[in-house]
Amino acid sequence: MMRKPVIRTCTVSGEKCEKKDLIRIVRTPEGEVKIDLKGKANGRGAYLKKDKDVILKAKKTKVLDRKLEVEVPSDIYEELLRIVDGQNLE
């Protein structure tokens, strides 16, 4: 029996995507912001589509700051861009 795909909504575009097409950013209970590639970390999470434009828009509009209720450091966005650049998008 096939498992049905897990669907999550991109915080920026509002698009519903499969979890594997999104990156989860999480604010840990300690208030730290991390990129959660496994999607299992504890804390408040937000999903971004694996798309450079989406990440840049998230940075510009500070949507993650509001969603995670904490200021997201700019090195998180740089890391996200590296992750998206590093993968070959079909």
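Every read-out reported here was derived from the displayed coordinates using simple, explicitly stated rules and does not represent laboratory data. Quick caveat, the model's predicted, so the values are computed rather than measured. Cβ: placed from backbone, ideal geometry, glycine included. Neighbour counts: every protein chain shown.
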First select every other residue whose beta carbon is under 12 angstrom from the beta carbon of K57; then total the charges, Lys and Arg +1, Asp and Glu -1. +3
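Work out how much length L37 to D21 would gain on full extension: take 0.36 nm times their residue separation and subtract the Cα-Cα distance, in nm to one decimal. Don't skip to the answer; put the middle values down first.
Values: separation 16, 0.36 × 16 = 5.76 nm, distance 1.11 nm.
Between L37 and D21, full extension yields an extra 4.7 nm.
Report, in deg cm²/dmol and to the nearest 500, the calculated mean residue ellipticity at 222 nm for the chain, where each DSSP H run with n ≥ 4 adds -39500 (n - 2.57) and the sum is divided by the residue count.
Numbers: 3 runs with 29 residues, N = 90.
So the helix-based figure for the chain works out to -9500 deg cm²/dmol.
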Can you work out the Karplus-derived ³J(HN,Hα) for every residue in segment 22-32? Use 6.51 cos²θ - 1.76 cosθ + 1.60 with θ = phi - 60°, whole Hz, and x for glycine or proline. 10, 10, 9, 10, 10, 9, 6, x, 7, x, 8
